[in-house]
Every structure is written in C-alpha cells, then in structure tokens.
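Structure, as structure tokens:
The values are calculated or read from the model by the stated rules, or taken from the named source; none is laboratory data. None of these values were measured; they are calculated from a predicted model. With ideal geometry, Cβ positions are generated from the backbone for all residues, glycine too; neighbour counts draw on all protein chains shown. Areas reflect the complete protein model, heavy atoms only, side chains present, ligands, DNA and RNA absent. Shrake-Rupley method; radii C 1.70, N 1.55, O 1.52, S 1.80 Å.
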Protein chains: 2
Amino acid sequence: MPRIVALTTRDVRARTSRHLDGSDAAHADPDYSAAYAILTTDHVDGLQGHGFTFTIGRGNDLVCAAIDALAHHVVGRDLDEITGDMAGWWRSLTSDSQLRWLGPEKGVIHLATAAIVNAVWDLWAKTAGLPVWQLVASLTPEQLVSTLDLRYLSDVLDRDRALDLLRDARPGLDVRASSLQQTGIPAYITSAGWLGYPDDKVQQLCRDMYADGWRSFKTKVGISVAADQHRCRIMRDELGDDVQLMVDCNQVWDVPQAIEWMRQLDGFDLRWIEEPTSPDDVLGHAAIRRALQPTGIRVATGEHVANRVVFKQLLQAEAIDYLQADACRVGGLNEVITILLMARVFDVPVCCHAGGIGLCEYVQHIAAIDHVVVGAPLTDRTTEYASHLHEHFLHPARIERGAYVVPTAPGYSAELHPESYESLLYPTGSEWRS
Amino acid sequence: MPRIVALTTRDVRARTSRHLDGSDAAHADPDYSAAYAILTTDHVDGLQGHGFTFTIGRGNDLVCAAIDALAHHVVGRDLDEITGDMAGWWRSLTSDSQLRWLGPEKGVIHLATAAIVNAVWDLWAKTAGLPVWQLVASLTPEQLVSTLDLRYLSDVLDRDRALDLLRDARPGLDVRASSLQQTGIPAYITSAGWLGYPDDKVQQLCRDMYADGWRSFKTKVGISVAADQHRCRIMRDELGDDVQLMVDCNQVWDVPQAIEWMRQLDGFDLRWIEEPTSPDDVLGHAAIRRALQPTGIRVATGEHVANRVVFKQLLQAEAIDYLQADACRVGGLNEVITILLMARVFDVPVCCHAGGIGLCEYVQHIAAIDHVVVGAPLTDRTTEYASHLHEHFLHPARIERGAYVVPTAPGYSAELHPESYESLLYPTGSEWRS
C-alpha cells in the first residue's frame, strides 16, 4: 500500500458565466470551479489520489488554502494506516482542535475536508484497481461501517443499526450490480432550464434533449410568479405531459412565500420544488411540505445542507420527500454513505445533487452505492445531470438514453486531463488569459 | 460622513495554549485569535473602523483571506451610503453571487462578514461619538429595523412585528439606560473552570473570584462522569450553595448520551448545561431539554450556531432555555439584533457567549442593547466573562462586583493598542518569536 508523500492544491475554474450556464435565482453568474487536492504517493506506478470540492468561482482560492491547512492530517501517512481506521482519521480532520472553530463541519473547512477525503477514496480505489462504487461493494459490512463516523447520530443510526442495514442488503448485491450495469442509473437533466437562458434556447434544448432520450427535466424558477409560469408552460408545451418536470428556486423564498408562490405553479404537474427556502431551515421545509401536500408538489433539498446532523433532522422532521446530498458539501464519501444509510432508515429517496463541474462524475458512484450496497430501490430515484464540462475529465460520466452508464475506470472519476489542469488554472490558465 | 478608502486585515493571535487557558472537551489547546478588518477613511480626524472575528488559532489566516475576498463590498463606499440602506448592504455581503456558495451564511465566509460588519458599526459609532449600544439606542425603531435583513424569518418576525417590539420598548428606554449604568450588566465568570486546570488552581481561582464579588460561575465538563462530578464537587465545596453554577461540555455528546450523562450530574444544582451536543442539532437540543426538565437543569446553546435561521428554529422547537449568541459567529451586530428580537418574541433570555479575545468587549454592548433598546428584563439574564487578554484593548471591558460596567467610549470597543497589533501579529510578533 502506498504512502502519501505530498498534497498539492489546484485552483481550477471554468468561465461558465460568459454564457449564463448554471445561472439561477441566487447565483446569477457562476464560474464553475473546483478546489483540487492531489495526493502524490511513493507507489511504484506513480498512483495519485485526486479529489475536489465544487464552488462557483470567487472563494475557490479560500478552499484551496483550507485544504493546505488540513494537509498535515494526510501527508506522511500510509494509505492503509488511514483506511484501517478511516472513521478515526475522518474525525481527526473534522475535529482538529483549532480548525474546527471555523465550522464545525460546515462552510469552507468542511468543503476542504471533502476534497481531501474524496482524494483518499480515489487513491484507495485506484490501488484496488476498482471504481469507487465497486471498492465500497467489495467491503464487508463491518469494514464499511468502520469508515463511518456516526457521531451525533445515535438517536437514529448507531453502529448496530448500520450493520443490520448493510447485512440485510447483502443478498442480491451482485444481481443489483449486474442489472444496474445493464439499465444504467436513472437520471434527469438540468441543462435546458438555466434561468438566464432565453425562451428559444430553452425550447431548442428541450427538443434536442427529448430526442436524445431524456424524459426527466428540471428548470430554475424564482424570478416572478408570471415568469416562472411562463417558463413551465414553455417546457410543458415542448415536452408534453409524459415527462417529469421539476423546479428549483435556489433558496430565494421565505417559508410563507414559498407556499404561496408554489400554489401558483400548481397545474404543471411538478414533481418537486427544490430548495424552496434557506437550506438551514429544517422546520421551514417541514412546514412547506405539509402545506404543499394537497398540490402533489413534493419538497427536495440538500445541495447546501452542511452535514449529516442537518440531514438527520430533515428526516426526523419529515421535512423532505427527496434528499439531495452533495458529494463534496458534506465531508466526502464517508459522510455521504452515512447519509444514504439514514435515508434508508426513513425510506426517503436520495437523488443526489450534481451538475457543476465534476459532480456528475462523483454522484454516479454514489447512486450505484445507494442501490447496490445500501439496497435502496431504483423506484422514484433520479440523479441530476448537466451536460457541460465533462470534456475535462479523464473518465467523464457517460449518458445513454437518459441514464448514467455505471463507471468502470478505477478511482472516483475525479481526475482531469493534464492539459485541463493547465488550461483551467486560475488565474493564469488559457481559460482566463483570453 | 467619512468615505472608506481601504481595508486592512490583521492576523492576531495570543498563545493561550501555553497555560491551557480556554481549554475544554473539544478544544484542548486554543490559541485565542482574532481576524481583524480595519477600515481606513478620509475623515479629517483619521477615524478608523475596527472589527474582528474570534477564532482559536489555526485557520485565523483563512478568515483574514475571506475578509479580503469581501473587501470590495465596503472599500470605496461612503459610510452614509452603507448606513442609509444597511440591510441591503448586509445582504450584498451575505448574498455575493459567487462567495455565498462557500456558506451560505456559515463558516469562514460568515465569520469574515462579521468582522467587516462590526468594523462598520465601530466606525459609525465613532463618527457619532457614541458607544455602539448608545448609537443603537439613538436610532428610531424605523431606522433600526432598516438595518436588519429579516430574510427567512417572516414566519416568526417580519418588519411590522420588529417595529412593534421596538416601539413597545420605547417608553422607559432612558430610565433603563440610566439604571443599567448604575447597576452594571449581570455577568458570570468562566475563568475558574477551564478543563485543563488542576484542582488546586480551580479552588484558588474560585476563592479569589468569590472574594472579588463573583456569584455566578461556569465550569467545563465532558471528560468522564466521574471527573465531571469531581469538578462540580470541588467548585460547590469552595463556593457554597448560594452561587450559580453552570456546566459546558462543548458539543462532545450524542443526544442520548447527553441525557444520561447530565442525569448523573444532578445534585449540584446546575443552572444549565451548555452545548450538550452538535450545535446544528435543533431537534436534539429539544429532546435533551425535554428529558432534563425533571432535574431542573436547563439547556443553553449558541456560540456555534451559524445564523439567525438556526436560532429561529431553536426558538420554534422550544429547544433552549438560554440563547447564547456569539457577536461574530453570526454576521455581526445587525444579525445579532435580529436574534435579540426573535428571542423577545419567544421570551427566551439571551446570555451572550463571551471570553475568547475581545468577545467580552463586544457583548457588553449587546447586553445593553437587549435591555435598553429591545426591552428585555434583566431577570434570569447573565453575560459571560473571562478574565484574560483585556490588557490588549484600547477600551477594555471593566467589571465591578461581578457585573460589566456599561461602556462609555465611542465605538464598538474592538480596537487594540497599536503595540498589541504588533506583538500579537502572527507569526512575526513578539508573542510568537519567543
């Protein structure tokens, strides 16, 4: 097993704001960015671990600096020393006796934790010669639970409960894996509905994506009731009534406003409203969900939920119909798997947040773990997809007929082409010089 | 009114870890630190605004970098342009379309927001020639509400409700101010009970502080039930049964563990258990509070609560008996005042978190605002005090007979002596060279 000899950060940014790709009601001009942690090892084949966290531009440098501040927890360690007590190692990052004050377990320091944690999983999987989802599937329930820090969760998920869930899911694991490799991972697409796009662009994109096999779409809303009704009408007219349509206002409403606004978007057969208010407002989401139940519009959130403790409460309060964990908002794959297990306890479908840069590459593994290892059904689950920036990845996410193709390359699919690390480097890469 | 021409950051740290001052169950070796935002103006008298956020060492540089990243929201602005629409200006910081991804409103980016916001209040108050609490008292209810961003709060506190509260508190405002200046602000002291202190040091400190007039004490707990019982017994034996005694475990327990553990600390007549579990666990605090009601031990939290939305829920869920907002964990004085108003709606006493470096200097203003402007009674309220590091401040907090003396110097009491900015500068100041 290799020894980690160095950690290098890379501040990588794409100028997506030029064409308003990714624009929504709270983020008018995102430049999709990634703060990378690259682990160099003494492995004879030069194996590296690549992990990143996603941001939308300014501040990506702060996350890189936070990764550097945490580097002493990983540099100089043998990989098997880390993986031998991964929960303990994970807690050493999140409970650093001085750095934890900056969170704890939220914001810049937790985003940085995710980059490092995901880089370790990437390295571990490459060492095993497996894609991360298959590495996780190869662990025994005892091994997998030993990677999870269940602190603060014992009122809903303790070690025994986690083991029971994983043991119950053992039978059929191989069958589910084979089947998923044949069917692909159910997905929906966000790329037709960015808020800044003009009507004709939305119509054309809907037409093209439908032709490509997409049957589940999402659009951004939150400008005005009239504008949102107009956007929903355009998409329904173009797509027909048989496709799934979701809406996402990116946190711009107060609780009473969310209820009132969404009642006026009734009639478009919307599957969910995403992030209807502050991501911190567990009880607010619960109130919105209760109020909207007569409309059939369900409530989804998670991409800005900081950690497993907030997800625990979203589940306890029956605040959400869909749980949209982000692969690097929480502290990397270990915390994500913990959240998958809690969602299974409450029987709430996980539909991971993706898009951005690289998130699609991560979440395909998570969706596979949820189904294959945790044993969640595919019913009523769908994983987000956005179509840009995949060309930068060594092993990009692939879509066939509106579903993710289960990844096969060893690692966590996070590594960029060497030339993309150069061209996207902020502020000196070619992306930023022009 | 001055124009803000530059923002300078200062990474200031005290080596408190040398003597375990400030040590607790989650933070074994804090170096009390402050990330300063210093606003330079074109004012004829060279007026500056000084604001900081508190950290405990490593990572203070990250907060300074985040202050720099937000500086464009304040540099080049006229002070009256900011104070004329302070809620709008505040939201421009917290909703920066790219930087908000790093929070939103939590962690490093929100700590940095607080430093800048508090520096603006310091400047505004110096310009008015008033201590901040008196500046706030001099504003009309309409002016004060115009400084508050009430986003996400309308289910418990909208503009009309905020105005009603402040108008109702107008009668008697001057009388309360005069009275408070005579009696001082009720306080308790934490300095005898740091976790790393040996028994004889705790005993001697209790004896000295009691002799100085202190009648309300707090100790850290969370090592083991036996060790905590021992610490409580030592302090009760030394102090007698007539003083208030509180305990603080700094987030180290799960919910069931907190309940079980605290039941075993029954019998020491403890006023509250502080931070019994994750600061994000609103529903967990509510469960602990319900379970401990038969013991009479009440529940307090807040120093790690990220923002007003989480405080809203702590109040809605009846999760806390005491609300311990931090002056710079949330987004500066504007958000603190919003929280004071919400606490008034729910009739929950605010007992601000202090200690650290500079927090005592801030919170004396907040306690005065709560009583004088918001109209909260003094009953069952107490503000934290810790006795170290005040010598670095130009206008340090002053204690008489266990109560804060209401501050009189213009500003927010945040400014350090020029020589302290030099000696504490990390890593080149004399504090760190030795």
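Annotations
- The residues of the range A:1-32 that are open to solvent by less than 10 Å² (accessible area, probe 1.4 Å) and either at pLDDT 95 or above or under 27 Å from A:Thr83 (Cα atoms) (or both), listed by number, are A:Pro2, A:Ile4, A:Val12, A:Ala14.
- Enumeration of residues in the range B:288-298 that are open to solvent by 30 Å² or more (accessible area, probe 1.4 Å) and either within 11 Å of another protein chain (Cβ to nearest Cβ) or assigned to a helix (DSSP H, G or I) (or both): B:Arg289, B:Arg290, B:Gln293, B:Pro294, B:Thr295
- Matching residues, the range A:305-318, being outside any helix (DSSP H, G or I), more than 9 Å from every other protein chain (Cβ to nearest Cβ) and surrounded by 24 or more Cβ atoms within 10 Å (Cβ to Cβ): A:Val305
- Single unsatisfied condition, A:Met86 versus (1) within 23 Å of the chain's Cα centre (by Cα); (2) open to solvent by less than 40 Å² (accessible area, probe 1.4 Å); (3) within 14 Å of another protein chain (Cβ to nearest Cβ): (3)
- Among residues of the range B:106-131, those that are within 14 Å of chain A (Cβ to nearest Cβ) and in a helix (DSSP H, G or I), counted: 9
- Residue check for B:Gln264: in contact (Cβ under 8 Å) with a residue 24 or more places away in the chain, surrounded by fewer than 23 Cβ atoms within 10 Å (Cβ to Cβ), within 11 Å of chain A (Cβ to nearest Cβ) and not hydrophobic (A, V, I, L, M, F, W, C): no
- Just so you know, in the range B:97-124 the residues that are open to solvent by 10 Å² or more (accessible area, probe 1.4 Å) and among the aromatic types (Phe, Trp, Tyr) include one that is farthest from B:Tyr412 (Cα to Cα), and it is B:Trp101.
- Test: residue in the range B:215-224 that is touching a Lys or Arg at 6+ places or on another chain (Cβ under 6 Å) and in contact (Cβ under 8 Å) with a residue 12 or more places away in the chain: yes
- A single member of B:Asp174, B:Asp160 is within 19 Å of B:Ile369 (Cα to Cα) and either in contact (Cβ under 8 Å) with a residue 60 or more places away in the chain or open to solvent by 30 Å² or more (accessible area, probe 1.4 Å) (or both), and it is B:Asp174.
- A:Ala35 being crowded, with 21+ Cβ neighbours inside 10 Å, under 23 Å from the mean Cα position of the chain (by Cα), at negative phi and touching a residue at least 40 places away in the same chain (Cβ under 8 Å): yes
- Of all residues making up the range A:171-212, the number that are closer than 25 Å to A:Asp24 by Cβ and not in a helix (DSSP H, G or I): 15
- Residue match in the range B:391-401 (condition: among the aromatic types (Phe, Trp, Tyr), touching a residue at least 40 places away in the same chain (Cβ under 8 Å) and at negative phi): no
- Checked against (1) part of a loop (DSSP other than H, G, I, E, B); (2) within 30 Å of A:Lys312 (Cβ to Cβ); (3) open to solvent by less than 10 Å² (accessible area, probe 1.4 Å), B:Gly222 passes all but a single condition, namely (3).
Listed here are the residues, each with its yes/no results for (1) surrounded by fewer than 24 Cβ atoms within 10 Å (Cβ to Cβ); (2) among the acidic types (Asp, Glu); (3) closer than 23 Å to B:Ala325 by Cβ.
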| position | (1), (2), (3) |
| --- | --- |
| B:Leu378 | yes, no, yes |
| B:Tyr385 | no, no, yes |
| B:His390 | yes, no, yes |
| B:Val405 | yes, no, yes |
| B:Leu424 | no, no, no |
